[in-house]
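S.K.: One structure, as structure tokens, below. Some questions next.
What follows draws every value from the coordinates through simple rules; no lab data is involved. Note that this is a predicted model, so its numbers are computed, not measured. We place every Cβ from the backbone using ideal geometry, glycine too, and count neighbours over all the protein chains shown.
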Amino acid sequence: MTNQLNISEQVCFPVYLFAKEIINQYRPFLEELELTYPQYLVMLVLWEQETQTVNQLGEKLKLDSGTLTPLLKRMEHKAFITRIRSTVDQRIVNITLTKKGKLLKEKATCIPEKLMQAMNVTVEELAVLKNIITKILDK
């Protein structure tokens, strides 16, 4: 009988290692863009819809404002985004891509392909992995 508490029996450990590995695989590609992985995630959301509130970003990325605010300040300092308080409600901060932030999208289009090559996986394999992960997360 195997011991269920052996680390080799745990699903959480390879998932943990994979999360670390995938971020490490992104790192060299993102350094070229002057982005960290969390900043890249923000940019992905903003490239879909270029103006979002901090709360909307937080909901989509599952990040609280305490984590998001310093991240956004650094991105604003790099001139990728602007942060503007709403004139209607001072508690609302709108995040908008700058021209520099919009132009960065062109440089980033090759990242998914480079990542697949670096990890030696196919589109189909990643789709299966993503579907399994999404199924677990949606419970």
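S.K.: Rank the residues Tyr16, Tyr40 as a footprinting-exposure proxy: fewest other Cβ atoms within 10 Å of their Cβ go first.
M.R.: Listing Tyr16, Tyr40 from fewest to most nearby Cβ atoms yields Tyr16, Tyr40.
S.K.: Which helices, counted as full DSSP H runs in the chain, have an axial Cα extent of no less than 24 Å and a Kyte-Doolittle average of 0.0 or above?
M.R.: Going by DSSP H runs, the hits are 12-31.
S.K.: Using the basic label-point model (7 angstrom from Cα toward the beta carbon), what is the Val45 to Gln117 distance in nanometres?
M.R.: 3.0 nm
S.K.: Net charge near Leu30, counting Lys/Arg +1 and Asp/Glu -1 over other residues with Cβ under 11 Å of its Cβ?
M.R.: That sum, taken over residues with Cβ under 11 Å, equals 0.
S.K.: Helix-only mean residue ellipticity at 222 nm, the chain, DSSP H runs n ≥ 4 weighted -39,500 (n - 2.57), per residue, nearest 500. What is it?
M.R.: -19500 deg cm²/dmol
S.K.: What FRET efficiency do you get for Cys110 and Ala79 if R0 is 22 Å and r is their Cβ-Cβ distance, rounded to the nearest 0.05?
M.R.: Numbers: r = 22 Å, r/R0 = 1.01.
Using R0 = 22 Å, I get an efficiency of 0.50.
S.K.: Let me ask something additional. Once each part is reduced to its C-alpha centroid, what is the distance from segment 1-25 to segment 28-67 in angstrom?
M.R.: Here the answer is 27 Å between Cα centres.
S.K.: Please quote Rg/Rh for the chain to two decimal places, taking the Kirkwood radius as Rh and restricting both calculations to Cα atoms. Each step should come with its number before you reach the end.
M.R.: On the way: Rg = 17.9 Å, Rh = 17.1 Å.
Result for the chain is an Rg/Rh of 1.05.
S.K.: Sticking with this structure for a sec: Can you pull the one-decimal nm distance between simple spin-label points at Thr96 and Leu137, each 7 Å off the Cα toward Cβ?
M.R.: 2.9 nm
S.K.: Points 7 angstrom from Cα along the Cβ direction at Asn6 and Asn55: gap in nanometres?
M.R.: Once both label points are built, they end up 5.0 nm from each other.
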